[in-house]
Amino acid sequence: MISNLQLHKAMYWFLCHLSILDMAFSAVVVPKVIAGFTPDGKVISFGGCVSQLFCFHFIGCAECFLYTVMAYDHFLAICKPLHYTNIMNWKACLFLSLGTLIGGCLNSALLTSLTFHLPYGEDNYVDYVFCDIPAMLKLPCVDIQFNELMSSIDVSFITVTCFLLILASYAYIIAAILKISSIEGQQKAFSTCSAHLTVVFIYYLPLFYHYMRLGSQDSMDSVVSVFYTTITPLLNLVIHT
């Protein structure tokens, strides 16, 4: 990407950013899941659990913001093509990329502090594939309704807001595409957005299923978590390629 000048565009910059986040997303969870198949690998320290939960939500939240930024980039490219290069310059790309990381970090810090300020015993059994909020909130012997409510509101607000912003961007994009007179032009515009839309739905549907139901005892929750931490990053690579 660095050596090829044709790839020095906002779309490829954000795709590179997304690929790095996808690799980090899997790296936070998958190695420990694999190690869990051995007797010694099933144990995780309290600090390791805190770090895993923080990194998981940091990367996940940053990806939510990044998908929204990519939808905005497509909106500018199709709906405001004459102003695109002036608006989406390298400074804007850098600012938006850093914004996704900072936003993800701050939100993850809030969720992590809400989860781990509760009293935990010395030995706890995490009935889940990795340290995540729903599993950790089952462990303290205190009232966790406030923590469940605040975590649910936080995750719901970010995911729903980002998802609605993406849908709003694509509503304008579809309206602009339908105004294109040539069929070839419409197909080219739709093909530009189809990969991103596909990835968005693959990413958001498991999130809505899992985090809108905090406190659920459904055995499918673990399967869904494995899907969006391992399968979704792989699908992102295939779809965008």
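List, please: which pairs have Cβ atoms under 8 Å, are six or more places apart or on different chains, and start with a residue in the range 9-22 that is hydrophobic (A, V, I, L, M, F, W, C) and end with one that is open to solvent by 30 Å² or more (accessible area, probe 1.4 Å) and part of a loop (DSSP other than H, G, I, E, B)?
16/1
Anything in the range 165-177 that is open to solvent by less than 50 Å² (accessible area, probe 1.4 Å) and either at pLDDT 90 or above or in contact with a Cys (Cβ under 8 Å, 6 or more places away or on another chain) (or both)? List them, or say none.
Selection gives 166, 168, 169, 170, 173, 176.
Would it be correct to say that residue 136 is touching a Leu at 6+ places or on another chain (Cβ under 8 Å), open to solvent by 60 Å² or more (accessible area, probe 1.4 Å) and over 27 Å from residue 199 (Cβ atoms)?
Considered against the rule, which asks whether it is touching a Leu at 6+ places or on another chain (Cβ under 8 Å), open to solvent by 60 Å² or more (accessible area, probe 1.4 Å) and over 27 Å from residue 199 (Cβ atoms), residue 136 comes out as no.
When residues of the range 94-112 are filtered for being more than 27 Å from residue 9 (Cβ to Cβ) and buried (at least 20 other Cβ atoms within 10 Å of the Cβ), how many remain?
The total comes to 4.
Would you point out the residue of the range 178-201, among those that are hydrophobic (A, V, I, L, M, F, W, C) and modelled with pLDDT of 85 or more, that is most open to solvent (accessible area, probe 1.4 Å)?
201
Examine the range 150-164 for a residue that is of a type in the set (D, E, K, R), open to solvent by 50 Å² or more (accessible area, probe 1.4 Å) and either more than 30 Å from residue 230 (Cβ to Cβ) or in a helix (DSSP H, G or I) (or both), and state whether such a residue exists. Let's see the steps before the verdict.
Here is the first cut: in the range 150-164, the ones of a type in the set (D, E, K, R) are 154.
Restricting the remaining residues to those that are open to solvent by 50 Å² or more (accessible area, probe 1.4 Å) gives none.
Checked against the condition, which is being of a type in the set (D, E, K, R), open to solvent by 50 Å² or more (accessible area, probe 1.4 Å) and either more than 30 Å from residue 230 (Cβ to Cβ) or in a helix (DSSP H, G or I) (or both), the range 150-164 yields no hits at all.
If you check residue 209 against the conditions, is it open to solvent by 20 Å² or more (accessible area, probe 1.4 Å), part of a helix (DSSP H, G or I) and in contact (Cβ under 8 Å) with a residue 60 or more places away in the chain?
Against the criterion (open to solvent by 20 Å² or more (accessible area, probe 1.4 Å), part of a helix (DSSP H, G or I) and in contact (Cβ under 8 Å) with a residue 60 or more places away in the chain), residue 209 does not qualify.
Answer yes or no: is there a residue in the range 218-236 that is in a loop (DSSP other than H, G, I, E, B) and either under 14 Å from the mean Cα position of the chain (by Cα) or modelled with pLDDT under 70 (or both).
There is at least one residue in the range 218-236 that is in a loop (DSSP other than H, G, I, E, B) and either under 14 Å from the mean Cα position of the chain (by Cα) or modelled with pLDDT under 70 (or both).
Kindly list the number of the only condition in (1) more than 19 Å from the chain's Cα centre (by Cα); (2) under 30 Å from residue 179 (Cα atoms); (3) surrounded by 15 or more Cβ atoms within 10 Å (Cβ to Cβ) that fails for residue 115.
(2)
Consider the range 29-79. How many of its residues are open to solvent by less than 50 Å² (accessible area, probe 1.4 Å) and acidic (Asp, Glu)?
The number of residues fulfilling the criteria is 2.
Among the residues of the range 13-28, write down those that are of a type in the set (S, T, N, Q) and open to solvent by 40 Å² or more (accessible area, probe 1.4 Å).
19
Cβ contacts < 8 Å: first residue among the aromatic types (Phe, Trp, Tyr), restricted to the range 168-181; second residue open to solvent by 30 Å² or more (accessible area, probe 1.4 Å), any location; separation 6+ or different chain. Result?
170/75; 170/197; 172/75; 172/79
Inspect the range 65-86 for any residue being in contact with a Gly (Cβ under 7 Å, 6 or more places away or on another chain) and farther than 21 Å from residue 169 by Cα and give the result as yes or no. Walk me through how you get there before you give the answer.
Initially, the range 65-86 is screened for residues in contact with a Gly (Cβ under 7 Å, 6 or more places away or on another chain), giving 65.
When the remaining residues are screened for being farther than 21 Å from residue 169 by Cα, the result is none.
No, the range 65-86 has no match at all.
Here are some conditions: (1) assigned to a helix (DSSP H, G or I); (2) free of Cβ contacts under 8 Å to residues at least 12 places away in the same chain; (3) not small (Gly, Ala, Ser). Residue 49 meets all but one. Which one does it not meet?
Unmet for residue 49, out of (1) assigned to a helix (DSSP H, G or I); (2) free of Cβ contacts under 8 Å to residues at least 12 places away in the same chain; (3) not small (Gly, Ala, Ser): (2).
The values are calculated or read from the model by the stated rules, or taken from the named source; none is laboratory data. Treat the numbers as computed from the prediction; the structure is a model and nothing was measured. No Cβ is skipped: glycine too gets one built from the backbone with ideal geometry, and neighbour counts run over all protein chains shown. Heads up: the accessible areas ignore ligands, DNA and RNA and are worked out on the full protein's heavy atoms, side chains in. Shrake-Rupley method; radii C 1.70, N 1.55, O 1.52, S 1.80 Å.
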